[in-house]
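Below: the structure, in structure tokens.
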Amino acid sequence: MRAAGPTGMDLWQLLLTLAVAGSSDAFSGSEAIPATLGRASQSLQRVNPGLRTNSSGKPKFTKCRSPELETFSCHWTDGVRHGLKSPGSVQLFYIRRSTQEWTQEWKECPDYVSAGENSCYFNSSYTSIWIPYCIKLTSNGGTVDQKCFSVEEIVQPDPPIGLNWTLLNISLTGIHADIQVRWEPPPNADVQKGWIVLEYELQYKEVNETQWKMMDPVLSTSVPVYSLRLDKEYEVRVRSRQRNSEKYGEFSEVLYVTLPQMSPLACEEDFQFPWFLIIILGIFGLTVILFLFIFSKQQRKEN
């Protein structure tokens, strides 16, 4: 016997169902397409774990810094996207060269806490100067950033502390003054034993100015500043760097210098006294000349 085919009513119901489904997809297309792309992206990421971070917002090293040539830390961006973050998904690994060859095994960061969020801290036990390091960031098993350096190349000292100033002298005109600025080295820099040698750069400006004046670098912890106006207030700051390095550390706190004002009465007296004496001497001289002129004229008449 021949199998029974669909009736006309069944075909009509089938066509109606397809039409309703098509109109529903047309209205929800804006949601269906991103969902499909999202599923495809997740499939690709399972094949290549680095694809997600490479597309946008991947973690990247921002800086590595040693404040005193004894420890160092490295920092990176967290690669946050759309405000979502997977804790522990970013890891730092490092190797360092021993004698003439690199160690074969990458080791993980020894301390993710001490230097703050998104950082790795290497204490003195893990720090060796004049030995190259290579570090890399991994996310979901894939490397997203890598760099190599030696510790002496990344030295940026902490700010100097304890800035103060003393007055050296005031000019005879009472308009300018010279001062001596002193400071202390960063507390964690072992400059006494010569483990690190620092040079300092002093900058100063008037309070209302925007442009800082820079003085030549010095190895001492004091420097004179000349020809400051007595009627101005100044800001002074100092920063340091390892000798023969190009990278300065952060500036110290600003030191405000307010110079003593000369008394207007004292200034007036200083300037008027010589003029008054000159006037008196001038009058006396003119009187003598006039007296001699009259005396000589009378002598001529008598003769």
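Residues that are assigned to a loop (DSSP other than H, G, I, E, B) and touching a Leu at 6+ places or on another chain (Cβ under 8 Å) within segment 232-250 comprise 232, 243, listed in sequence order. Does residue 178 meet the test of being modelled with pLDDT of 95 or more, among the charged types (D, E, K, R) and in a strand (DSSP E or B)? Taking the combined requirement at face value, the residue satisfies it.
In the set 173, 166, only one residue is in a strand (DSSP E or B) and free of Cβ contacts under 8 Å to residues at least 40 places away in the same chain; that residue is 166.
Screening residue 137 on (1) within 18 Å of residue 241 (Cβ to Cβ); (2) not in a loop (DSSP other than H, G, I, E, B) shows it passes everything except condition (1).
Got a number for residues in segment 151-173 being aliphatic (A, V, I, L, M) and more than 30 Å from residue 69 (Cα to Cα)?
First pass over segment 151-173, keeping only residues aliphatic (A, V, I, L, M): 151, 154-155, 161, 163, 167-168, 170, 172.
Applying the additional criterion that residues be more than 30 Å from residue 69 (Cα to Cα) yields 167-168, 170, 172.
Summing the residues that are aliphatic (A, V, I, L, M) and more than 30 Å from residue 69 (Cα to Cα) in segment 151-173 gives 4.
Every listed requirement among (1) in a loop (DSSP other than H, G, I, E, B); (2) open to solvent by 70 Å² or more (accessible area, probe 1.4 Å) is met by residue 227 save one, (1). The set of residues from segment 204-224 being under 20 Å from the mean Cα position of the chain (by Cα) and part of a strand (DSSP E or B) comprises 204, 205, 213, 214. A single entry from 128, 171 fulfils the requirement of being of a type in the set (Ser, Thr, Tyr), within 21 Å of residue 204 (Cβ to Cβ) and open to solvent by 20 Å² or more (accessible area, probe 1.4 Å): 171. Within segment 95-106, does at least one residue satisfy the condition of being assigned to a strand (DSSP E or B) and at pLDDT 95 or above? No: zero hits.
Of the residues making up segment 184-205, just one is in contact with a Leu (Cβ under 9 Å, 6 or more places away or on another chain) and closer than 23 Å to residue 170 by Cα, namely 204. Looking only at residues in segment 187-217 that are open to solvent by 40 Å² or more (accessible area, probe 1.4 Å) and aliphatic (A, V, I, L, M), the one that is farthest from residue 243 (Cα to Cα) is 207.
The values are calculated or read from the model by the stated rules, or taken from the named source; none is laboratory data. Worth saying up front: this structure is predicted, and the values here are computed from it rather than measured. Please note: Cβ atoms are built from the backbone with ideal geometry, for glycine as well, and neighbour counts cover all protein chains shown. Note: accessible area is taken over every heavy atom of the protein model, side chains too, but ligands, DNA and RNA are not part of it. Shrake-Rupley method; radii C 1.70, N 1.55, O 1.52, S 1.80 Å.
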